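The values are calculated or read from the model by the stated rules, or taken from the named source; none is laboratory data. Since this is a predicted model, take the numbers as computed values, not measurements. Neighbour counts run over all protein chains shown; Cβ positions are idealised from the backbone, glycine included.
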Amino acid sequence: MPDKSFFITGGGTGGHIYPAVAIADLIIEKFSDAKLYYVGNPHNMEAGIVKLKPYVFLPVVSSGMPRKLGVSCFLWFVRMFLATVKCCYYILKYKPSVVFGTGGYVSAPVLCAAKFLRIPFVMHDCDVNPGLVTRKLAPFAKSVSVAFESAKDKLDSDRVFVNGNPIRREFSTVTKAQAREKLGLGDKLTLCVMGGSQGAKTINSAVSKVIKSLIEKYDIQVIFQTGKKNYDETLKELKIVWPEFEDCKNLIVKPYFSEMVYVLAASDIAVSRAGSLSISEICSTGLAAIFIPYPYAAADHQRKNAKFMEEKGAGVYLEDSDASSQRLYDEIVSLITDISKLDSISNCAKSLAKNDAAERILSQIIGE
């Protein structure tokens, strides 16, 4: 490959950031002389993640469009215009051969700048229903990658490819034994609870009330990611139900795990939100998951993702409003006590995994 410069963009949530980082890491791995720049919002989590990577972070401030017309909406258009101008400056200065975007508010000005300056761009959309930026810019893209087959027909382009979500290859190579040893866990049935990178109050509260019974009655291990903003409140709830929970060797409670590959690889059952990246990682590791979609997700995409998994026999779908501690307890117990059901969901999930997604998307980016 001739010497090339790449722009990668995507931000706001882990579902946008980690697929972008997976592609950026693969580019660095395969082309050591490539120049790679990550365009993101300096106030969002992508800034902290990219600081640890061997590529340059280019800051652009962006935000979601206000829902009501007025002064705030006018100011938003001004900010987006200025952000697009800044991205044009970055493109003219660093001269990328191609731009790759995975969504989030920050990707819009970058991709619009690429379109204006006639720089080829490739997009990836992780959800069953593609987002607004993907739908509007798909006709102008060099190609579009999607995670789900059903998303293909919703885009006005004949260059749409169903690749799955790009995830780190460790999700399909780390063994259960290796992961459990890494986390200091034993060889027994393991449940992981995760509400995405931001955590989920509904899930945390419901699990906190039943976690003692699950561990003591069914002799399982639990890995509990609460999310940073919900950590202290979750600990308070746990101490009310189980004052001595910190002494339990079968329980790990943390606000956030930077190495989710070990958490998922160590587990058999997951209680999770239904973000597309989480689903892809769950499929790759073959977990039997109970999906509780975030009810206020943009375009209701998490509910659609969860319904898709349930229709494929690859997960249990539970509404956030129905996720009481008793209902969630019953769903978890049904998987613990019915191994054939657990195995069936696990196998269906694994059948949906697309572990070569990153390589396929990279082929689109570099034009192979």
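Summary table
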read-out: Tally of residues being under 18 Å from the mean Cα position of the chain (by Cα) and of a type in the set (D, E, K, R) across the range 126-148; value: 1
read-out: Filtered residue count, the range 40-52, keeping only those that are outside any helix (DSSP H, G or I) and within 14 Å of residue 19 (Cα to Cα); value: 1
read-out: Residue count, the range 301-337 (criterion: among the acidic types (Asp, Glu) and touching a residue at least 40 places away in the same chain (Cβ under 8 Å)); value: 2
read-out: Matching option when the condition is closer than 22 Å to residue 143 by Cβ and of a type in the set (Val, Ile, Thr), among 71, 60, 78, 39; value: 39
read-out: Any chance residue 121 is at pLDDT 95 or above and under 22 Å from the mean Cα position of the chain (by Cα); value: yes
read-out: Residue in the range 107-122 that is out of contact with any Gly (no Cβ under 9 Å at 6 or more places or on another chain) and closer than 18 Å to residue 276 by Cβ present; value: no
read-out: Residue match in the range 347-368 (condition: exposed (fewer than 14 other Cβ atoms within 10 Å of the Cβ) and at positive phi); value: yes
read-out: Flag if residue 332 is outside any strand (DSSP E or B), touching a strand residue (DSSP E or B) at 6+ places or on another chain (Cβ under 9 Å) and closer than 24 Å to residue 356 by Cα; value: no
read-out: Residue list for the range 155-183, restricted to those being touching a residue at least 40 places away in the same chain (Cβ under 8 Å) and part of a loop (DSSP other than H, G, I, E, B); value: 163, 164, 165, 166, 167, 168, 174, 175
read-out: Number of positions in the range 53-74 that are of a type in the set (S, T, N, Q) and either in contact with a helix residue (DSSP H, G or I) (Cβ under 7 Å, 6 or more places away or on another chain) or in a loop (DSSP other than H, G, I, E, B) (or both); value: 2
read-out: Which listed residue, of 53, 115, is surrounded by fewer than 20 Cβ atoms within 10 Å (Cβ to Cβ), closer than 21 Å to residue 134 by Cα and either in contact (Cβ under 8 Å) with a residue 12 or more places away in the chain or in contact with a Leu (Cβ under 7 Å, 6 or more places away or on another chain) (or both); value: 115
read-out: The range 215-272, residues that are touching a strand residue (DSSP E or B) at 6+ places or on another chain (Cβ under 7 Å), modelled with pLDDT of 95 or more and in a helix (DSSP H, G or I); value: 215, 263, 264, 266
read-out: Members of the range 189-202 that are assigned to a loop (DSSP other than H, G, I, E, B) and at pLDDT 95 or above; value: 189
